[in-house]
Amino acid sequence: MLLPVALLLLGALTAVVAPRLLARADWPEREPVVALWAWQCVVAGVLMCCVLSMTVSAAAAWQAVRGHVFAPAPHGVVEAYGLGAGGSWAPATAVVLALGGVWTAAMLTREIVRARARRRKGRAELRLRAPLLPGEEPGADRLVVLEGERPDAWWLPGSAPQLVITTAALRRLKGRQLDAVLAHEQGHAQARHDWLLHCSGALATGFPQVPVFAAFRDEMHRLVELAADDVASRRFGRLTIALALVELNEDRGVFGPCPTPQAHVPQRVHRLLAARPRLTAGRRLRLTAAAALVPVVPLLVTFVPGLRALG
């Protein structure tokens, strides 16, 4: 019975080849939303291979699982999968992959718990620096202005999301630049980019030896910023959001020769100023459809023996 092995090999091939293809392509910076979708499909395809391999291995190892998985299937379909020839490796494979699934769920739960703790801490600090006035309800204002010498703006997600901006940022941002920054942060909130960052962070933390998950996390952090930049630039222009990024980050040394944690900011500014045209709608549709096929391929591979038996 080679199907579980074939699925694992397919998952490994996807994990190695797909990130390299995306890294060499020039369209992700022009279409970050499509690139976000493509990366999600790649990771979903890898996880799908693992889940299907675990399911088939468990069906080969234990009769109880086989009865549930193949309950409505004709006898010929069950015979086509050769489940009786699983050998001693089938239960081991199923257990290892099941433990990997449990570990993934635990890492995602930990990431969400930590994110909520950080959010509560941020709101507590916000209430300390900007206390409520008498009669004011918590979370009533979506925009909060803080006294601060460092220009900064960030979005606090949650049931009552708020945009926080410092007085230094208000002094620096001119004209429609403030509106562009607000649109950028609102783009993050509307697209729920925080969930993408939680999921990618959980996978990268839980499986640090798997390069595809580390690349997934890094690309999510980069692409969500590009996508939010595009949301703001479509409303207020590329030059406006580029100048706003310069004003907010000029004092942090990000435009100097030494690398900083915000080294992606100059790349974002150059991208906005280059103003490369978007892909055509037809090509965006083709890329979206091609990416959607990645998690479908493991399903087709899994169903091939059964379809042959029925055909």
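The values are calculated or read from the model by the stated rules, or taken from the named source; none is laboratory data. Bear in mind the structure is a predicted one, so any value in this text is a computation, not a measurement. Every residue, glycine among them, receives a Cβ derived from its backbone with ideal geometry; neighbour counts consider all protein chains shown. Just so you know, the surface numbers come from the protein's heavy atoms only, side chains and all, with ligands and any DNA or RNA stripped out. Shrake-Rupley method; radii C 1.70, N 1.55, O 1.52, S 1.80 Å.
When the range 194-211 is examined, which residues are found to be assigned to a loop (DSSP other than H, G, I, E, B) and among the β-branched types (Val, Ile, Thr)? Let's see the steps before the verdict.
So in the range 194-211, the residues assigned to a loop (DSSP other than H, G, I, E, B) come out as 207-210.
Within the range 194-211, just Val210 meets the criteria.
Can you find even one residue in the range 35-44 that is open to solvent by 50 Å² or more (accessible area, probe 1.4 Å) and either more than 26 Å from His198 (Cα to Cα) or not in a helix (DSSP H, G or I) (or both)?
no
What about Arg20, is it more than 19 Å from Leu300 (Cα to Cα), of a type in the set (Lys, Arg) and open to solvent by 70 Å² or more (accessible area, probe 1.4 Å)?
On the way: more than 19 Å from Leu300 (Cα to Cα): yes; of a type in the set (Lys, Arg): yes; open to solvent by 70 Å² or more (accessible area, probe 1.4 Å): yes.
Yes.
Within the range 194-211, does at least one residue satisfy the condition of being touching a Pro at 6+ places or on another chain (Cβ under 6 Å), among the hydrophobic types (A, V, I, L, M, F, W, C) and surrounded by fewer than 21 Cβ atoms within 10 Å (Cβ to Cβ)? Show your work before the answer.
Filtering the range 194-211 for residues touching a Pro at 6+ places or on another chain (Cβ under 6 Å) gives 194.
Add one more test, that the residue is among the hydrophobic types (A, V, I, L, M, F, W, C), and what stays is none.
No, the conditions are met nowhere in the range 194-211.
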| request: Report whether or not Ala18 is small (Gly, Ala, Ser), in contact with a Pro (Cβ under 8 Å, 6 or more places away or on another chain) and either at pLDDT below 95 or closer than 28 Å to Glu219 by Cα (or both). | output: no
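Can you tell me which of Ala169, Ala215, Ala242, Ala274 is modelled with pLDDT of 90 or more and open to solvent by less than 10 Å² (accessible area, probe 1.4 Å)? Lay out the reasoning, then the answer.
Values: Ala169 fails: modelled with pLDDT of 90 or more; Ala215 fails: open to solvent by less than 10 Å² (accessible area, probe 1.4 Å); Ala274 fails: open to solvent by less than 10 Å² (accessible area, probe 1.4 Å).
Within the list Ala169, Ala215, Ala242, Ala274, the selection yields Ala242.
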| Can you name every residue in the range 173-193 that is open to solvent by 70 Å² or more (accessible area, probe 1.4 Å), assigned to a helix (DSSP H, G or I) and in contact with a Pro (Cβ under 9 Å, 6 or more places away or on another chain)? | none
| message | Can you list residue pairs whose Cβ atoms sit under 7 Å apart, with the first residue in the range 213-239 being within 20 Å of Trp154 (Cα to Cα) and small (Gly, Ala, Ser) and the second being open to solvent by 40 Å² or more (accessible area, probe 1.4 Å) and modelled with pLDDT of 95 or more? Count only pairs 6 or more apart in sequence or on different chains. | response | Ala227/Val33
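Has the range 142-151 got at least one residue that is part of a loop (DSSP other than H, G, I, E, B) and open to solvent by less than 10 Å² (accessible area, probe 1.4 Å)? Before the answer, list the steps.
Step one: filter the range 142-151 for residues part of a loop (DSSP other than H, G, I, E, B), giving 142, 147-151.
Applying the additional criterion that residues be open to solvent by less than 10 Å² (accessible area, probe 1.4 Å) yields 151.
There is at least one residue in the range 142-151 that is part of a loop (DSSP other than H, G, I, E, B) and open to solvent by less than 10 Å² (accessible area, probe 1.4 Å).
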